[in-house]
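Peer 1: Structure provided below as structure tokens; questions to follow.
The values are calculated or read from the model by the stated rules, or taken from the named source; none is laboratory data. Quick caveat: nothing in here was measured; it's all calculated off a predicted structure. Don't worry about glycine lacking a Cβ; one is built from the backbone with ideal geometry, like all the others, and counts go over all protein chains shown. Note: areas computed on protein heavy atoms with side chains; ligands, DNA, RNA excluded. Shrake-Rupley method; radii C 1.70, N 1.55, O 1.52, S 1.80 Å.
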Amino acid sequence: MKVSKSPHKPLIFYYIIAMVVLMLLNAFVFPSLNSVPVSEVGYDEFMRMIDAKQIDQVSMGTTEITFTSKDSGGNILYYKTGLWPDANLVDRLYASGAKFSAEIPTQASPLMEFLMSWLLPLAFFLIVGQLLTRYMSKRMGGGNALSFGKSNARIYIESQTGKTFEDVAGEDEAKEALREIVDFLHQPERYREIGARLPKGALLVGPPGTGKTLLAKAVAGEAKVPFFSIAGSEFVEMFVGMGAAKVRDLFKQATEKAPCIVFIDEIDTIGKKRDGANGFGGNDEREQTLNQLLTEMDGFDATKGVVILAATNRPDSLDKALLRPGRFDRRIPVELPDLAGRVAILKVHAKDVKMEENIDFTIIGHATSGASGADLANIINEAALHAVRFGRNMVTQIDLEESVELVIAGYQRKGAVINEKDKKIIAYHETGHALVAARLKDTAPVHKITIIPRTSGALGYTMQVEEEERVLMSMDDALNQLTILTAGRAAEEEVFHSITSGASNDIEKATAIARAMVTRFGMSEQFDMVALEQIVNPYLGGEANMVCSSETAARIDAEVGDIIRKAHVKAREILEQNRTLMDTLAKYLLERESITGEDFLRIIREHDQAIA
Ligand code: ADP
Ligand code: MG
Ligand code: ZN
């Protein structure tokens, strides 16, 4: 739990005090100021009144002349007028019979005067200033005015998060990646002895509600080390310059408390690309904070045992500098859970509420494809509320199913849930990629297939992992790649006799490969080894520049089209020959939503044995 800040009085409280003081001063110290109405008149009017002998008393001030007169009822009226260089005034006043005097400047004792006019206001402002500073520094984490800008550890340190990996269901890959960090925090000496340097920072990337924050807390809980947590937005909402100061202080404290974890949630708030595009000057504050963060990450000694974790659901918006080696160079995907993951998450949260014995979580899991961990936790809670509403003292299957509708309905509006038909198409599409990859020679083995939407926006995903690093791509490799890329679309054609937009990413990749084959790798019969394109600026993404005539460009396009078409035909053939196997695999994938490489190979092997 976060340690709560001591309650403080709101700013308005001090304003009220100041107002009251002013009003008291007004009422008792300067009563004459506003108790009598003084009308301002012109000097000519003053002259006229003198001549008409209407004036009783005249007082000559340093900036104005005040005088009194009586109206017909005998009431005293007060007037004032500005000073005028009038040498005859005294004579005329004397002649009119009015009483007149000048203010004696030092009426009060000089000391009193000084106190009243200088010290009193000064003291007043000092007090108000003090109150304000104290109020502000309290808002920023306490301490006195001198430590202004020093963030207070109490805000974000959570020594015992009380979470462990047990609390995080599913997400096995993310947990595996984080285990190493836990081990490092447990015994930094072991790593230090060898001279191993762990990544300074790991970035948890995934859609909202998939348990990124939870995972970070679990790492701290597992390693039993202090956990400094702060959200990116907290840096920015500070006063100008405070963000950077806060980062500096955060790292200073973390180094003192090492081994420990610093967790920056929603890092995209400060880590956005510095593009200078947001108008005049941009968000300087954010940029300073980001720069400070980069400096600190470079500066501190990773062998001490400070690990920086950060989370974001918008990795593509992050500044490249943050992802450089030595910073957040390790990226841990935290994806939406598959069926098994969803069931596990439901079970974890079901522990907190009273449930009937024979609940079937698999049904709920099936009904919630596309839901995040947070959604599932919400479903359990809604089910409990539903049970209470219907006077039950235990959650039943019906409660769960009702709450699924409630939570998922909100979800369907967002379009995050994929309907059965689309899901089937996606399953066949991905199976197509994987099956063709398996049937071609010399291709990287399939590591995983999933039809769970990815952070990247992909609806499904077939992951191949090369067994060894390759530096050269042979022409066969390139053609194989193209065949695999076109196989998704080929599967859709084979099974559904229609095509969808789902292959857009494949098309993009295939085009890039085929194009490079023709224009840069010299892998086409037509052009042989002629460089038709040049890559400029290879460090900045590499933009290709055509270095050929426009007729040649047209022929290149035709050649690229040819290469891809051939690959597409080949993919189609392979799938036709393996139709039953494809059906088996697609059905399996549709049911589980993800298949591991081993399962995939096992099914293929079993199938091959059966027909042999
Ligand atoms: P994120 O930071 O990725 O947006 P959170 O970590 O804040 O998501 O998750 C919100 C809540 O959802 C958690 O507190 C937890 O109750 C639930 N939750 C999310 N993922 C999981 C999971 N894998 N296992 C168990 N609970 C989860
Ligand atoms: Mg979060
Ligand atoms: Zn595809």
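Peer 1: Thr362 versus (1) modelled with pLDDT of 85 or more; (2) in a loop (DSSP other than H, G, I, E, B); (3) surrounded by fewer than 15 Cβ atoms within 10 Å (Cβ to Cβ): which is the lone unmet condition?
Peer 2: In the conditions (1) modelled with pLDDT of 85 or more; (2) in a loop (DSSP other than H, G, I, E, B); (3) surrounded by fewer than 15 Cβ atoms within 10 Å (Cβ to Cβ), Thr362 misses (2) alone.
Peer 1: Identify the single condition in (1) among the β-branched types (Val, Ile, Thr); (2) at pLDDT 75 or above; (3) part of a helix (DSSP H, G or I) that Ile449 does not satisfy, given that it satisfies every other one.
Peer 2: Status for Ile449: all satisfied but (3).
Peer 1: If we keep just the residues of region 56-79 that are aliphatic (A, V, I, L, M) and farther than 14 Å from Phe100 by Cα, which is surrounded by the fewest Cβ atoms within 10 Å (Cβ to Cβ)? Walk me through it before giving the result.
Peer 2: Just the residues of region 56-79 that are aliphatic (A, V, I, L, M), to begin with: 58, 60, 65, 76-77.
Those left that are additionally farther than 14 Å from Phe100 by Cα: 76-77.
Details: Ile76: 11, Leu77: 15.
Here the residue is Ile76.
Peer 1: Let me ask something else. Here are some residues: Val547, Val560. Which one is surrounded by 12 or more Cβ atoms within 10 Å (Cβ to Cβ), touching a residue at least 40 places away in the same chain (Cβ under 8 Å) and in the same structural domain as Thr450 (by TED's automatic domain parsing)?
Peer 2: On the way: Val547 fails: touching a residue at least 40 places away in the same chain (Cβ under 8 Å).
The unique qualifying residue is Val560.
Peer 1: State all residues of region 120-141 that are at pLDDT below 80 and over 20 Å from Ile16 (Cβ atoms); if no residue qualifies, say none.
Peer 2: Taking region 120-141 as the starting set, the residues that turn out to be at pLDDT below 80 are 133-141.
Of everything in region 120-141, those that are at pLDDT below 80 and over 20 Å from Ile16 (Cβ atoms) turn out to be Ser137, Met140, Gly141.
Peer 1: Could you please give the count of residues in region 386-400 that are part of a helix (DSSP H, G or I), open to solvent by 80 Å² or more (accessible area, probe 1.4 Å) and out of contact with any His (no Cβ under 9 Å at 6 or more places or on another chain)?
Peer 2: Quick first cut of region 386-400, residues part of a helix (DSSP H, G or I) only: 386-389, 397-400.
Restricting the remaining residues to those that are open to solvent by 80 Å² or more (accessible area, probe 1.4 Å) gives 388-389, 398.
Restricting the remaining residues to those that are out of contact with any His (no Cβ under 9 Å at 6 or more places or on another chain) gives 388-389.
Residues in region 386-400 being part of a helix (DSSP H, G or I), open to solvent by 80 Å² or more (accessible area, probe 1.4 Å) and out of contact with any His (no Cβ under 9 Å at 6 or more places or on another chain): 2 in total.
Peer 1: Would you call Ala344 under 13 Å from Val168 (Cα atoms), hydrophobic (A, V, I, L, M, F, W, C) and either touching a residue at least 12 places away in the same chain (Cβ under 8 Å) or assigned by TED's automatic domain parsing to the domain that holds Glu171 (or both)? First the steps, then the outcome.
Peer 2: Details: under 13 Å from Val168 (Cα atoms): yes; hydrophobic (A, V, I, L, M, F, W, C): yes; either touching a residue at least 12 places away in the same chain (Cβ under 8 Å) or assigned by TED's automatic domain parsing to the domain that holds Glu171 (or both): yes.
So Ala344 fits the description; yes.
Peer 1: Pick from region 280-330 the residues that are assigned to a helix (DSSP H, G or I), of a type in the set (Lys, Arg) and out of contact with any helix residue (DSSP H, G or I) (no Cβ under 6 Å at 6 or more places or on another chain): which of them is nearest to ligand 1 (Cβ to nearest atom)? Working first, answer last.
Peer 2: The first filter runs over region 280-330 and keeps only residues assigned to a helix (DSSP H, G or I), leaving 284-299, 302-304, 315-317, 320-323.
Remaining after also requiring of a type in the set (Lys, Arg): 286, 304, 320.
Retained after the next criterion (residues that are out of contact with any helix residue (DSSP H, G or I) (no Cβ under 6 Å at 6 or more places or on another chain)): 304, 320.
Details: Lys304: 27, Lys320: 23 Å.
Out of the qualifying residues, it is Lys320.
Residues checked against (1) modelled with pLDDT of 85 or more; (2) farther than 18 Å from Leu185 by Cβ; (3) open to solvent by less than 40 Å² (accessible area, probe 1.4 Å):
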residue	(1), (2), (3)
Phe228	yes, no, yes
Gly232	no, yes, yes
Glu237	no, yes, no
Gly243	no, yes, yes
Lys252	yes, yes, no
Pro259	no, no, no
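Peer 1: Does Glu180 count as at pLDDT 85 or above, more than 15 Å from ligand 1 (Cβ to nearest atom) and open to solvent by 50 Å² or more (accessible area, probe 1.4 Å)?
Peer 2: Working: at pLDDT 85 or above: yes; more than 15 Å from ligand 1 (Cβ to nearest atom): yes; open to solvent by 50 Å² or more (accessible area, probe 1.4 Å): yes.
Judged against the criteria, Glu180 is a match.
Peer 1: Looking at region 469-522 only, could you name the residues that are open to solvent by 20 Å² or more (accessible area, probe 1.4 Å), in contact (Cβ under 8 Å) with a residue 40 or more places away in the chain and either in contact with a Lys or Arg (Cβ under 6 Å, 6 or more places away or on another chain) or over 17 Å from Lys570 (Cα atoms) (or both)?
Peer 2: The answer is Met473, Leu485, Phe496, Thr500, Gly502, Asn505, Arg515, Phe521.
Peer 1: Please pick out the residue among Ala586, Ala503, Ala514 that is assigned by TED's automatic domain parsing to the domain that holds Leu479, farther than 30 Å from Gly170 by Cα and small (Gly, Ala, Ser).
Peer 2: Details: Ala586 fails: farther than 30 Å from Gly170 by Cα; Ala503 fails: farther than 30 Å from Gly170 by Cα.
So the residue among Ala586, Ala503, Ala514 that is assigned by TED's automatic domain parsing to the domain that holds Leu479, farther than 30 Å from Gly170 by Cα and small (Gly, Ala, Ser) is Ala514.
Peer 1: Going through region 593-602 one residue at a time, which ones are touching a residue at least 12 places away in the same chain (Cβ under 8 Å), crowded, with 16+ Cβ neighbours inside 10 Å and assigned to a helix (DSSP H, G or I)? Show your work before the answer.
Peer 2: If we filter region 593-602 for residues that are touching a residue at least 12 places away in the same chain (Cβ under 8 Å), which is where we start, we get 593-597, 600-601.
So of that shortlist, the ones also crowded, with 16+ Cβ neighbours inside 10 Å come out as 593-595, 597, 600.
Gly597, Phe600 - these are the residues of region 593-602 that are touching a residue at least 12 places away in the same chain (Cβ under 8 Å), crowded, with 16+ Cβ neighbours inside 10 Å and assigned to a helix (DSSP H, G or I).
Peer 1: Go through Phe280, Phe300, Phe328 for me and flag whichever is of a type in the set (Phe, Trp, Tyr), at pLDDT 80 or above and over 15 Å from the mean Cα position of the chain (by Cα). Outline the logic, then answer.
Peer 2: Details: Phe280 fails: at pLDDT 80 or above; Phe300 fails: at pLDDT 80 or above.
That would be Phe328, the only listed residue that is of a type in the set (Phe, Trp, Tyr), at pLDDT 80 or above and over 15 Å from the mean Cα position of the chain (by Cα).
Peer 1: Would you check which residues across region 73-95 are polar (S, T, N, Q) and closer than 17 Å to Ser39 by Cα and list them?
Peer 2: Here is the first cut: in region 73-95, the ones polar (S, T, N, Q) are 75, 81, 88.
Those that are polar (S, T, N, Q) and closer than 17 Å to Ser39 by Cα: Asn75, Thr81.
Peer 1: Given the structure, is Asp528 out of contact with any strand residue (DSSP E or B) (no Cβ under 7 Å at 6 or more places or on another chain), closer than 20 Å to Glu430 by Cα and free of Cβ contacts under 8 Å to residues at least 60 places away in the same chain?
Peer 2: Details: out of contact with any strand residue (DSSP E or B) (no Cβ under 7 Å at 6 or more places or on another chain): yes; closer than 20 Å to Glu430 by Cα: no; free of Cβ contacts under 8 Å to residues at least 60 places away in the same chain: yes.
For Asp528, the condition - out of contact with any strand residue (DSSP E or B) (no Cβ under 7 Å at 6 or more places or on another chain), closer than 20 Å to Glu430 by Cα and free of Cβ contacts under 8 Å to residues at least 60 places away in the same chain - is not met.
Per-residue answers, yes or no, for (1) open to solvent by less than 20 Å² (accessible area, probe 1.4 Å); (2) within 11 Å of ligand 1 (Cβ to nearest atom); (3) modelled with pLDDT under 85; (4) under 22 Å from the mean Cα position of the chain (by Cα):
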| residue | (1), (2), (3), (4) |
| --- | --- |
| Gln160 | no, no, yes, no |
| Phe165 | yes, yes, no, no |
| Asp172 | no, yes, no, no |
| Glu176 | no, no, no, no |
| Gln187 | no, no, yes, no |
| Lys200 | no, no, yes, yes |
| Leu204 | yes, yes, no, yes |
| Gly209 | no, yes, no, yes |
| Thr213 | no, yes, no, yes |
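Peer 1: Additional query: So the check is Cβ under 8 Å with 6+ separation or different chains; which pairs have a first residue in region 71-100 that's on the phi > 0 side of the Ramachandran plot and a second one that's open to solvent by 40 Å² or more (accessible area, probe 1.4 Å)?
Peer 2: Gly97/Lys53
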